[in-house]
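Encoded as structure tokens, the structure appears first; notes follow it.
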Amino acid sequence: MTRRHDVSALALLKGTNRTGFEKLIAPYFLPWQQRKIMQAYRLAKYGHQSQVRQGGGRYFEHPKSLALLLIRLGVRDHEVICAALLHDVVEDTFILELADIEEWFGPGTCLLVKLVTKEKGLSLKRYIERLAAGDPRAWLVKCADRVHNMSTLDSPDPAMHEFFRKKKIKQVKETREKILPLAVKLSAVPGFEELGRFFFEALDYWCERREREAGDTPSSD
């Protein structure tokens, strides 16, 4: 794996409003695909409407950022974009079940959402094993999910500093052990090579940065 370049993930994650989002997808997706994507957009916004992220800000910005990142990286599979928007709806809200997603968005989108959803009682080990054995498109969603999560591990509230310091340590460990191997695996899939390399470099960058911030940089001894 090549050494990473200056990662541009933050620029690619930059948000936009609904009008801007619709303009962004218009050149790349067929009209019926655009309608599906915007249906997923509205459902995710509604489902997460009362939720706030731990670092502040409305929760919907998280799935929207995943979709924006993937579109800007050149992903033109509308099922992947729908899954990115809906990836937390089943796990964290009560408005949709997997059966609803299959009925409204098709079995492809449903499969991707199922693969990235960690059901209650499912161990992290089993979850990652199931994900790694599944559709590589789900790895795209998971890698994008982790890039955004790693990039937002901060809070302006000083009282939250220690909470986020510990969370950074935990997230770095989990990312190095569980998610980076997915990016490597993705880079070996025909058609996904560049995306796999991007996510490896982006995740590696955020791991190193968060380690430094948490004071948890491994010793060189």
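The values are calculated or read from the model by the stated rules, or taken from the named source; none is laboratory data. The model shown is predicted, which means the values in this text are computed figures rather than measured ones. Here Cβ is always computed from backbone atoms with ideal geometry, including for glycine, and neighbour counts include all displayed protein chains. Protein only, heavy atoms only, side chains kept; ligands, DNA and RNA dropped before computing areas. Shrake-Rupley method; radii C 1.70, N 1.55, O 1.52, S 1.80 Å.
With a ≥ b ≥ c taken as the square roots of the eigenvalues of the C-alpha gyration tensor of segment 4-113, please select rounded if a/c is under 1.5 and otherwise prolate if a/b is larger than b/c or oblate if it is not? Because a/c hits 1.5 or more and a/b fails to exceed b/c, segment 4-113 counts as oblate. Seen through its C-alpha gyration tensor, with square-root eigenvalues sorted a ≥ b ≥ c, segment 14-56 comes out oblate because a/c lies at 1.5 or above while a/b is not bigger than b/c. Over segment 148-221, the reciprocal of the mean inverse Cα-Cα separation, the Kirkwood hydrodynamic radius, stands at 13.2 Å. Once a ≥ b ≥ c are taken as the square roots of the eigenvalues of the Cα gyration tensor of segment 47-111, is the result rounded (a/c under 1.5), prolate (a/b larger than b/c) or oblate (a/b not larger than b/c)? Verdict is oblate for segment 47-111.
Cα extents for segment 25-85 along the principal axes, largest to smallest and rounded to whole angstrom: 35, 21, 15.
Roughly how many debye, to the nearest 20, is the charge dipole of segment 24-95 about its Cα centre, given +1 on each Lys and Arg Cβ, -1 on each Asp and Glu Cβ, and no other charges?
Using Cβ point charges on Lys, Arg, Asp and Glu, segment 24-95 gives about 300 debye.
Rg/Rh for segment 109-152 (Cα atoms only, Rh after Kirkwood) is 0.97.
Compactness ratio for segment 47-165: Cα radius of gyration over 2.2 N^0.38 Å (N = residue count) comes to 1.09. Ligands, DNA and RNA left out, the 1.4 Å accessible surface of segment 41-99 is 49% carbon and sulfur atoms.
Ligands, DNA and RNA are left out, and with a 1.4 angstrom probe the accessible area of segment 132-189 is 44 Å² per residue. Charged side chains reduced to their Cβ positions (Lys and Arg at +1, Asp and Glu at -1) give the chain a dipole of some 180 debye around its Cα centre. Going through [x] 19.7, 64; [y] 17.0, 57; [z] 18.6, 58, the figure that equals Rg and Dmax of the Cα atoms in Å as computed for the structure here is [y].
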